[in-house]
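Here is the structure we will look at, set down as structure tokens.
The values are calculated or read from the model by the stated rules, or taken from the named source; none is laboratory data. Since we're looking at a predicted model, the values are computed, not measured. Here the Cβ is made from the backbone with ideal geometry for all residues, glycine too, and neighbour counts use every protein chain on show. In case anyone asks, the SASA skips ligands and DNA or RNA and just uses the protein heavy atoms, side chains included. Shrake-Rupley method; radii C 1.70, N 1.55, O 1.52, S 1.80 Å.
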Amino acid sequence: MASDFDSQLRGVERLAHAAGRFANSPMVSRAVQYPFLRRLSYGWMKPSMSRRTYADNIDWLVAPPSDRGVLFACNHRSFFDSYLYLFALYSSGAKWPRNLCFPVRSDFFYDRPMGIAVNFAIGGGVMYPPIYRDKDKRALNEHAIDHVCDVLDHPNSMVGLHPEGKRNKGDPYKLLRAQPGIGQIVLRAKPMVVPVFVNGLSNDFFGSVRTSFLPNAKRDHSIIVVFGDPVDYDEFTNSKPRAALYKKCADKIHGAIAQCGERERELRAKIEGGEIGEDDPQWLWHKR
């Protein structure tokens, strides 16, 4: 497979994919990537981002919720949405997410030196595998699907996907259309699917950290993570796999994310109105 990529990628892309492939190989990801995220990244995230992050319906996810991998399907507002809810799980005491996989569009993270640096400096290269939009590289996306399904076939594994496919730069509560790719992965791998809605985090990651130390950061600049209950997609599992079925499954997951969005809207109004105070136990600052 490496030679197939080498023949279709050039320069920075080839380097970025080789680095990502190495960092996410089973031995390296368990021995290096997980400790990097759990100790180093979490170590500086805890005293900063937790100050204004509120996590709803997270307690049931502290213990392993499934004997297979778990797929978290999240809305897409920033490059770091998945990283934020992983941090929320660690803050709440979850130790089971060890084999991690966060597919990402190749733009920036796999075609620019700065993207490579951000991926490894903040996430240990966990944003992998890349998804390519170029028509002459789309065949490489089959490798990405195979990799994700393989990860989900093992316990204590966690995959983060964005059904929208790209960042929603408009109204956070009006999700973009769901893409069928997540439906294909779900119906092939059959993992537990957990919908997530994240709001309040910008692409300026370090700027977001600074915001956490502003006066009234919890009330005026809260980051809210809402975890939904598992999505029941059994109605799609006995039908012949096809693109239309993948889209229907993706749309159901998309609807569950939208419901989490409505819950987030309610929580935000309560926080801004003072109904949820700074002593509420769901603020990550009060977690472990």
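Taking the condition of being farther than 20 Å from Lys240 by Cβ and either open to solvent by less than 50 Å² (accessible area, probe 1.4 Å) or under 15 Å from the mean Cα position of the chain (by Cα) (or both), how many residues in segment 148-172 meet it?
So the answer is 17.
For segment 71-95, how many residues are in a helix (DSSP H, G or I) and in contact with a Leu (Cβ under 9 Å, 6 or more places away or on another chain)?
Counting residues in segment 71-95 that are in a helix (DSSP H, G or I) and in contact with a Leu (Cβ under 9 Å, 6 or more places away or on another chain) gives 10.
Which pairs turn up if I take residues in segment 87-112 that are farther than 21 Å from Asn57 by Cβ and look for partners that are of a type in the set (Asp, Glu) with beta carbon separation below 8 Å, at least 6 apart in sequence or on another chain?
Every condition considered, the pairs that remain are Ser106/Glu13; Tyr110/Glu13; Asp111/Glu13.
Filter segment 96-125 down to the residues that are open to solvent by 20 Å² or more (accessible area, probe 1.4 Å) and either charged (D, E, K, R) or in a strand (DSSP E or B) (or both) and list them by number.
If the condition is that a residue be open to solvent by 20 Å² or more (accessible area, probe 1.4 Å) and either charged (D, E, K, R) or in a strand (DSSP E or B) (or both), then Arg98, Asn99, Val104, Arg105, Asp107, Asp111, Arg112 are the ones that fit.
Under 22 Å from Leu61 (Cα atoms) and not in a helix (DSSP H, G or I) - does that describe any residue in segment 237-254?
no
I'd like to check something: does segment 47-64 contain any residue that is buried (at least 17 other Cβ atoms within 10 Å of the Cβ), under 29 Å from Arg188 (Cα atoms) and touching a His at 6+ places or on another chain (Cβ under 8 Å)?
no
Only one of these is surrounded by fewer than 17 Cβ atoms within 10 Å (Cβ to Cβ) and of a type in the set (S, T, N, Q): Ser208, Ser222, Ser202. Name it.
Of the residues listed, the single one that is surrounded by fewer than 17 Cβ atoms within 10 Å (Cβ to Cβ) and of a type in the set (S, T, N, Q) is Ser202.
Being open to solvent by less than 10 Å² (accessible area, probe 1.4 Å), at pLDDT below 95 and of a type in the set (Asp, Glu) narrows it down to one of Asp81, Asp67, so name that one.
The unique qualifying residue is Asp81.
List, please: which pairs have Cβ atoms under 9 Å, are six or more places apart or on different chains, and start with a residue in segment 48-69 that is closer than 30 Å to Gly207 by Cβ and end with one that is among the β-branched types (Val, Ile, Thr) and open to solvent by 10 Å² or more (accessible area, probe 1.4 Å)?
If the second residue must be among the β-branched types (Val, Ile, Thr) and open to solvent by 10 Å² or more (accessible area, probe 1.4 Å), the pairs left are Ser48/Val209; Met49/Val209; Arg52/Thr211; Tyr54/Ile276.
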